[in-house]
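Everything below concerns the one structure shown next.
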Amino acid sequence: MTTTLQPPTTAAASTAPARHRPAARRRSTPLTIVMLAALAYFLLPLFWLLVASTKGTQDLINSFGLWFSDAPQLLANIKATFTQDDGVFVDWLLNTAVYAVVSAVGAALLAAAAGYGFAKFRFRGDRAAFNLVLGAIMVPATALAIPTYLLFAKVGLVNTPWAIILPSLVNPFGLYLMRIYAADAVPDSLLEAARIDGAGEARIFFRIALRLLAPGLVTVLLFTLVATWNNYFLPLIMLNDPQLYPITVGLSSWAAQAQNGGGGASSDMLPLVVTGSLLSIVPLVIAFLLLQRYWQSGLATGGVKQ
């Protein structure tokens, strides 16, 4: 008796494990060109700053701007920057760190608390209040600088660190961001379970909600940190003591000395301005590298369905 091999039925074939072939990576030449152009747009100024920090005054003027000189003097420029005017650059750096860190932490906590409140509580006038926050986002900070100065002058806070820190604590965009993030990141069922267990609202926020809001909190913190670190106009009108200057205003005063050549200054100030600018971005790069893992975890939030 002969037997014939029958092909597998459709039902059997459907139960067989499917073999997934790795999808071919699609490449787009125009998109690659656009991304390379964007990369060059952002990195070229940083590369120029690094190259310029290795040059003296004559090399900055006479040599090619995008390549190093034959006699690099980066270490000498860094030493001169820290020792110029009895080390005032160190004071500017510390001032900027204090202004930025205190403002960023305070603004992030206030934005998280307010955003959590708008997202998880209902009260009379909540929509009108949130619309007012959205309207505040559209108001440029420079438009509020003069009224803020007049207000702080009335209470005697001009030419103090509080004149920089207090205005930086108000971050309407951070509040809006935290409200949107809290609406999805903090489950209502988890809050109800905590209330049933007898936890108070303050304990729920600090022990449960704040941990779930960590990626959004770090985002607001970094945005405020960068904004306060790079703030120029507000310290310019609020401070008149060079010992209280942040880096932005301090380097601007050096640049004015290098341009005008008055007050005993010379063109040798120009390399110090460039080197100081390079040193001023190093803390921001370090802060981003240390906190980027929270951003990565935040991007993955909600990617897996329960």
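Key figures for this structure:
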quantity: Selection status of Ala145, touching a helix residue (DSSP H, G or I) at 6+ places or on another chain (Cβ under 8 Å) and free of Cβ contacts under 8 Å to residues at least 24 places away in the same chain; calculated: no
quantity: Flag if Leu60 is at pLDDT 90 or above, part of a helix (DSSP H, G or I), touching a helix residue (DSSP H, G or I) at 6+ places or on another chain (Cβ under 9 Å) and of a type in the set (A, V, I, L, M, F, W, C); calculated: no
quantity: Flag if Asp91 is in a helix (DSSP H, G or I), of a type outside the set (A, V, I, L, M) and on the phi > 0 side of the Ramachandran plot; calculated: no
quantity: Enumeration of residues in the range 114-138 that are open to solvent by 70 Å² or more (accessible area, probe 1.4 Å) and under 21 Å from the mean Cα position of the chain (by Cα); calculated: Met138
quantity: Flag if Leu157 is open to solvent by less than 60 Å² (accessible area, probe 1.4 Å) and not in a helix (DSSP H, G or I); calculated: yes
quantity: Filter pass, Arg179 being buried (at least 21 other Cβ atoms within 10 Å of the Cβ), within 30 Å of Val285 (Cβ to Cβ) and basic (Lys, Arg); calculated: yes
quantity: Hey, Val273 β-branched (Val, Ile, Thr), outside any loop (DSSP other than H, G, I, E, B), at pLDDT 90 or above and surrounded by 12 or more Cβ atoms within 10 Å (Cβ to Cβ) or not; calculated: yes
quantity: Listing of helices (runs of 4 or more DSSP H) fully contained in the range 166-217 that carry 2 or more residues being touching a residue at least 40 places away in the same chain (Cβ under 8 Å); calculated: 172-185, 188-196
quantity: Subset of the range 196-219 (residues that are in contact with a helix residue (DSSP H, G or I) (Cβ under 7 Å, 6 or more places away or on another chain) and either under 24 Å from Arg122 (Cα atoms) or basic (Lys, Arg) (or both)); calculated: Ile204, Phe205, Ile208, Ala209, Leu210, Leu212, Leu213, Ala214, Gly216, Leu217
quantity: Test set (1) in a helix (DSSP H, G or I); (2) modelled with pLDDT under 90; (3) at negative phi - Ala111 fails condition number; calculated: (2)
quantity: Check on Ala153, among the hydrophobic types (A, V, I, L, M, F, W, C) and either touching a strand residue (DSSP E or B) at 6+ places or on another chain (Cβ under 6 Å) or without any contact (Cβ under 8 Å) to a residue 24 or more places away in the chain (or both); calculated: yes
quantity: Index of the failed condition, Arg203 passing every other in (1) in contact with a Lys or Arg (Cβ under 7 Å, 6 or more places away or on another chain); (2) open to solvent by 80 Å² or more (accessible area, probe 1.4 Å); calculated: (1)
quantity: Ala128 within 30 Å of Pro167 (Cβ to Cβ) and free of Cβ contacts under 8 Å to residues at least 24 places away in the same chain; calculated: yes
quantity: The range 233-255, subset assigned to a helix (DSSP H, G or I) and among the polar types (S, T, N, Q), residue nearest to the chain's Cα centre (by Cα); calculated: Thr248
quantity: Contacts under 9 angstrom Cβ, first residue in the range 67-89 being exposed (fewer than 12 other Cβ atoms within 10 Å of the Cβ) and modelled with pLDDT of 90 or more, partner not in a loop (DSSP other than H, G, I, E, B) and not charged (D, E, K, R), 6 or more apart; calculated: none
quantity: Filter result for the condition that a residue is under 27 Å from Ala227 (Cα atoms) and at pLDDT 95 or above, over Tyr41, Tyr99; calculated: Tyr99
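The values are calculated or read from the model by the stated rules, or taken from the named source; none is laboratory data. Values in this document were obtained by computation on a predicted structure and should not be read as measured data. When we count neighbours, we look across all protein chains shown, and the Cβ atoms used for this are built from the backbone with ideal geometry, even at glycine. Keep in mind that these areas ignore ligands, DNA and RNA; they rest on the heavy atoms of the full protein, side chains included. Shrake-Rupley method; radii C 1.70, N 1.55, O 1.52, S 1.80 Å.
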